[in-house]
Amino acid sequence: MSKTLFEKIWDRHVVRTLPDGSALLYIDRQLVHEVTSPQAFEGLRLAGRKVRRPGLTFATMDHNIPTDQQTVIRDPISKAQVEALEQNCRAFGVTLYDLKSERVGIVHIIGPELGLTLPGTTIVCGDSHTATHGAFGTLAFGIGTSEVEHVLATQTLRQKKPKTFRVEYTGRLKPGATSKDMILKLIGLIGTAGGTGYVLEYAGSAVSALSMEARMTIGNMSIEAGARAGMIAPDDTTFQYIASGDRPFAPRGAALDKAVAFWKTLPSDPGAKFDRELTIDASAIAPQVTWGTSPGMVTDVSSVVPAPGKVPGYSAKDVEQALAYMGLTPGMRMTDIKVDTVFIGSCTNGRIEDLRRAAAILKGRKIAKNVKAMVVPGSAAVRRQAMAEGLDKIFVAAGAEWRYAGCSMCLAMNPDQLKPGERCAATSNRNFEGRQGKGGRTHLCSPEMAAWAAVEGHFVDIRERM
Amino acid sequence: MKAFSTHRGIVAPLDNANVDTDQIIPKQFLKSIKRTGFGEALFFDWRYLPDGRPNPEFPPNRPEFKGASILVTRNNFGCGSSREHAVWAVMQYGFRVVIAPWRQQGDARVPAFADIFRNNCVQNGLLTVELSEAEVEEIFQMVGRFPGLEATVDLDEQRVVLHVQEEISFHFQIDPGVKEHLRRGLDAIGLTLQHEADIATFEKSHDVQMAR
């Protein structure tokens with residue numbers, strides 16, 4: 001019988017079917033960070049349970065940490081949470097990449113870097129952006145803290161089988177459009193709940209043409225379409241990424257050859273059935289910018305701020321509230337929106353290729369007066385690579401701040417925050433009210449769009465600058 | 001986990017769609033390493049004025065909704081971050097039930113609650129009730145006309161009853177596995193560990209590196 005990529009991985013991981021029809025699913029890796037794990041470890045302790053497979057559990061610290069330097073956490077509550085993770089990892093025998101480690105970084109950036117993210121495996125983490133790893137043909141999804149505890153104790157999860165949803169991007173992206181625009185476009189089309197209950201599979205010529213890092217940007221924001229997981233079939237691009245670089249957990253030599261032979265069997269079979277399908281012409285995708293307080297409130301940069309009642313999937317009241325919060329009026333051109341802050345980074349767009357693309361624009365240019373720009377690498381390894389290439393000097397010469405690795409202003413759980421009323425072009429993933437700081441206004445976009453906004457002080461249709 | 005069978009309480013309205021978990025509990029409260037103390041932080045940015053006093057404009061703050069334990073809201077509640085703190089906050093404030101509408105989008109039925117949030121609710125014994133948009137609209141109308149009205153949510157019968165003069169009732173669907181889990185207040189880890197032998201057998205032939 002023809003099977004989808006998702007079904008092949010799912011079927012290989014079912015330990016048994018449970019009486020209620022759900023599956024007991026085996027988890028190959030659990031990634032852990034400081035925010036969603038302390039209560040899970042405490043639960044184990046109270047019940048006298050151990051971590052079943054500490055060797056399959058990997059922890060790092062990313063949400064709370066400052067990015068102006070790498071090691072000192074001044075906020076005592078943040079510090080306590082990070083120290084709790086250190087103690088828990090020691091007590092339960094879990095590998096931890098701490099602030100002194102050369103491989104520390106945002107959990108979804110370091111998983112692939114370390115070779116922990118492999119096709120055909122299952123990965124979970126107490127973090128909704130775990131969908132990132134799906135770019136490798138991995139079944140990866142976010143879970144809550146109770147489920148984190150469940151995986152720690154049993155290496156399994158009780159899961160109801162989700163439905164499947166194939167999104168095919170035909171054609172090729174035009175210059176100026178990126179994989180960030182591909183995923184924002186999809187969210188605009190199906191809404192932030194359009195993927196709820198589904199695992200997405202992204203396919204088509206425009207997806208095959210993308211690099212691994214660009215694919216991760218798409219997988220990452222699957223959750224913003226409501227889908228817990230979004231996958232891309234592994235191919236030569238995937239195998240080359242895994243085979244290259246310093247990835248201590250990736251197979252090498254004969255083991256890699258054997259793995260690749262297996263990974264080649266994973267793509268969805270011809271004729272495999274999906275519960276839902278959608279086709280998007282990638283060549284028609286314009287650079288996207290969000291104008292509201294939900295990632296589905298997004299439009300072409302060449303368009304205007306929409307009017308209440310004119311946005312599919314959102315009520316007039318939703319749009320009125322969003323525009324009031326964002327301080328925007330219907331009919332205003334997107335390119336007339338001025339920004340005072342630019343944030344380049346996060347698990348969505350904090351990888352080396354993202355920084356290279358931003359640097360290519362900022363090279364020899366200055367950011368606008370009144371704009372504060374921050375470039376935050378997604379990991380210590382990305383930071384080192386960027387500095388080896390001299391990107392840091394380009395950012396600093398342009399007037400941007402060059403930071404240490406962390407989640408930073410994506411969720412503002414650390415000192416990097418917007419002040420009320422500040423308006424930010426952000427390469428991150430959520431434009432919710434208060435997400436980047438109470439009263440802060442977020443416009444999601446690609447690194448290229450953010451870099452040009454930094455230079456000109458407002459959004460520009462970057463296709464006109466190419 | 002506390003078992004759920006039937007619950008009667010005051011219904012509080014929150015007339016917003018796509019309420020995300022950042023809004024349910026902002027990040028500054030996620031630094032705690034405990035499972036308690038989140039009730040005061042629920043809907044923090046909407047619920048309090050800048051000086052820290054309760055915002056009288058925020059509907060659940062109105063006196064007639066004091067002590068409410070059933071929240072009625074709009075579609076896609078709990079979207080965004082996976083933070084289980086959101087569920088802890090909703091429950092520690094005093095809610096036992098959240099009601100929201102599913103929506104028809106083309107051929108597809110879009111669930112009322114975001115996936116991870118809904119799973120987290122099941123883990124903690126918070127009942128999520130999905131009704132049609134028209135039914136939820138009727139509840140909003142009734143709460144508007146009779147602020148402070150009470151409802152009974154009966155999980156066994158899968159029914160919501162509004163206690164107005166002539167009782168209005170709505171039937172809801174629920175996954176049978178979820179229903180059983182909530183009714184019995186089950187400990188998921190304890191249940192799974194009954195299959196320890198199956199897990200051990202599976203591990204013997206399962207390669208976590210290539211997962212074949």
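The values are calculated or read from the model by the stated rules, or taken from the named source; none is laboratory data. Here the structure is a predicted model, which means the values were calculated and not measured. Counting neighbours? That spans all protein chains shown, and the Cβs are built from the backbone with ideal geometry, glycine included. Accessible surface areas use protein heavy atoms only, side chains included; no ligands, DNA or RNA. Shrake-Rupley method; radii C 1.70, N 1.55, O 1.52, S 1.80 Å.
Quick check on the range A:386-403. Is at least one of its residues open to solvent by 20 Å² or more (accessible area, probe 1.4 Å) and within 14 Å of chain B (Cβ to nearest Cβ)? No, the range A:386-403 contains no residue that is open to solvent by 20 Å² or more (accessible area, probe 1.4 Å) and within 14 Å of chain B (Cβ to nearest Cβ). Within the range A:29-79, if we keep just the residues that are part of a strand (DSSP E or B) and of a type in the set (A, V, I, L, M), the residue that is farthest from the other protein chains (Cβ to nearest Cβ) turns out to be A:A59. Only a single item in (1) open to solvent by 20 Å² or more (accessible area, probe 1.4 Å); (2) within 12 Å of the chain's Cα centre (by Cα); (3) not small (G, A, S) is not met by B:P111, and it is number (2). Restricting the search to the range A:14-28, which residues are touching a residue at least 24 places away in the same chain (Cβ under 8 Å) and more than 7 Å from chain B (Cβ to nearest Cβ)? Matches in the range A:14-28: A:L18, A:A23, A:L25, A:I27. What do you reckon, is A:R228 within 11 Å of chain B (Cβ to nearest Cβ), in contact (Cβ under 8 Å) with a residue 40 or more places away in the chain and not aromatic (F, W, Y)? In short, yes. Whether a residue is in contact with a strand residue (DSSP E or B) (Cβ under 9 Å, 6 or more places away or on another chain), within 12 Å of another protein chain (Cβ to nearest Cβ), buried (at least 17 other Cβ atoms within 10 Å of the Cβ) and touching a residue at least 60 places away in the same chain (Cβ under 8 Å) was assessed, and B:A188 passes this test. Please pick out the residue among B:F38, B:F58, B:F4, B:F44 that is open to solvent by 30 Å² or more (accessible area, probe 1.4 Å) and either more than 8 Å from chain A (Cβ to nearest Cβ) or at pLDDT 95 or above (or both). Sole residue among the options that is open to solvent by 30 Å² or more (accessible area, probe 1.4 Å) and either more than 8 Å from chain A (Cβ to nearest Cβ) or at pLDDT 95 or above (or both): B:F44.
Residues are listed down the side, and each one gets a yes or a no for (1) open to solvent by 10 Å² or more (accessible area, probe 1.4 Å); (2) under 20 Å from A:N88 (Cβ atoms); (3) assigned to a loop (DSSP other than H, G, I, E, B); (4) more than 9 Å from chain B (Cβ to nearest Cβ):
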{"position": "A:V124", "(1), (2), (3), (4)": "no, yes, no, yes"}
{"position": "A:T130", "(1), (2), (3), (4)": "no, yes, no, no"}
{"position": "A:H133", "(1), (2), (3), (4)": "no, no, no, yes"}
{"position": "A:A140", "(1), (2), (3), (4)": "no, no, no, yes"}
{"position": "A:S146", "(1), (2), (3), (4)": "yes, yes, no, no"}
{"position": "A:H150", "(1), (2), (3), (4)": "no, yes, no, no"}
{"position": "A:R158", "(1), (2), (3), (4)": "yes, no, no, no"}
{"position": "A:K161", "(1), (2), (3), (4)": "yes, no, yes, yes"}
{"position": "A:R166", "(1), (2), (3), (4)": "yes, no, no, yes"}
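Of the set (1) open to solvent by 20 Å² or more (accessible area, probe 1.4 Å); (2) under 16 Å from the mean Cα position of the chain (by Cα); (3) closer than 15 Å to A:A233 by Cβ, all apply to A:M212 but (1). Residues in the range B:81-94 that are open to solvent by less than 10 Å² (accessible area, probe 1.4 Å) and outside any helix (DSSP H, G or I): B:S82, B:R83, B:E84.
Is it the case that some residue within the range A:135-158 is within 19 Å of A:S208 (Cβ to Cβ), at pLDDT 95 or above and hydroxyl-bearing (S, T, Y)? Yes, the range A:135-158 contains a residue that is within 19 Å of A:S208 (Cβ to Cβ), at pLDDT 95 or above and hydroxyl-bearing (S, T, Y).
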